[in-house]
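The values are calculated or read from the model by the stated rules, or taken from the named source; none is laboratory data. Quantities reported herein were computed from a predicted structural model and do not represent experimental measurements. Cβ placement follows ideal geometry from the backbone for every residue including glycine, while neighbour counts extend to all protein chains displayed. What goes into the accessible areas is simple: the full protein's heavy atoms, side chains included, and nothing from ligands, DNA or RNA. Shrake-Rupley method; radii C 1.70, N 1.55, O 1.52, S 1.80 Å.
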Amino acid sequence: RIREGAAYSAEIVSADLTRLNRLGQFDSIETRIQLMDDGSLTLIYLLRPQPTVLAVQSVGNRALSDQDIAKTVDVLVGTPIDRLQLERGARRIEELYRKKGYYLAQVAIDEDELASTGILIFRVREGERIKVMDIRFEGNRSFSPDEIRKSVKTKTWFWPFERAPLDDDVLEQDVAEVAKFFRDRGYLDVRVDRIVKPSPNGKEAIITFVVDEGRQYTLR
């Protein structure tokens, strides 16, 4: 906003720097002032362009394909490197793994490769898929856990036959099925949620379905 011939204003220059930063296209922005012999000054904005992403790759992923990961992150090739966006992409990949039962999955960005070549590499450590050791119910007063458990597709681990991996998508379906179980029996206001409690080593978990039955409706 500052113009040639206008009086120098530190507030206007500061606001200029803020607007330039918001563009997200520069790695660093500085100002310099040169005093001239006639008492005027020259204001210089030093802009260091933000490096751009030349390619996006993933390494170490076996349970998820490169295509699955690419759909999850919104980092575009040819756009300036945005650290916040990169971290958000890594966390989204971890969330995708958790939905598949990999609660130990960790995703890191190869900073050296990014700085030297501009190639963004997500390095994945999948870990082990978490096992369901027990399924519990809370808040159910009208029906026993054994009756409700028949509606649940998630299974508990039983050596050596049942792997029983935790899958968030299946859990969401189970929540809906438990709610349907109660609604079919007149509990139209029922609310159901689930709690996943991983073990300290992160390899096992206990699933608890929390039920708020509400009142039972009868046909007049």
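Taking the residues in region 1-31 that are surrounded by 11 or more Cβ atoms within 10 Å (Cβ to Cβ) and touching a helix residue (DSSP H, G or I) at 6+ places or on another chain (Cβ under 8 Å) as candidates, determine which candidate is nearest to GLN50 (Cα to Cα).
PHE26
Return a yes/no flag: does region 52-62 have any residue that is under 20 Å from ASP168 (Cα atoms) and loosely packed, with under 11 Cβ neighbours inside 10 Å.
Checked region 52-62: at least one residue is under 20 Å from ASP168 (Cα atoms) and loosely packed, with under 11 Cβ neighbours inside 10 Å.
Somewhere in region 67-90, is a residue within 17 Å of ARG125 (Cβ to Cβ), open to solvent by 40 Å² or more (accessible area, probe 1.4 Å) and touching a residue at least 60 places away in the same chain (Cβ under 8 Å)?
No; the residues of region 67-90 include none that is within 17 Å of ARG125 (Cβ to Cβ), open to solvent by 40 Å² or more (accessible area, probe 1.4 Å) and touching a residue at least 60 places away in the same chain (Cβ under 8 Å).
Just name the residue that is surrounded by the fewest Cβ atoms within 10 Å (Cβ to Cβ) out of those in region 92-141 that are without any contact (Cβ under 8 Å) to a residue 24 or more places away in the chain and in a strand (DSSP E or B).
ALA108
Can you name the residue in region 168-220 that is of a type in the set (Gly, Ala, Ser) and not in a loop (DSSP other than H, G, I, E, B) and, of all such residues, is surrounded by the fewest Cβ atoms within 10 Å (Cβ to Cβ)? Quick ask: steps written out before the conclusion?
The initial filter retains those residues of region 168-220 that are of a type in the set (Gly, Ala, Ser), namely 176, 179, 186, 199, 202, 205, 214.
This time we only want the ones that are not in a loop (DSSP other than H, G, I, E, B), so: 176, 179, 205.
On the way: ALA176: 12, ALA179: 18, ALA205: 21.
In this case the residue turns out to be ALA176.
If I ask for residues that are over 16 Å from the mean Cα position of the chain (by Cα) and either over 16 Å from ALA70 (Cα atoms) or of a type in the set (Ser, Thr, Tyr) (or both), which ones from region 100-126 would you list?
ASP110, GLU111, ASP112, GLU113, LEU114, ALA115, SER116, THR117, GLY118
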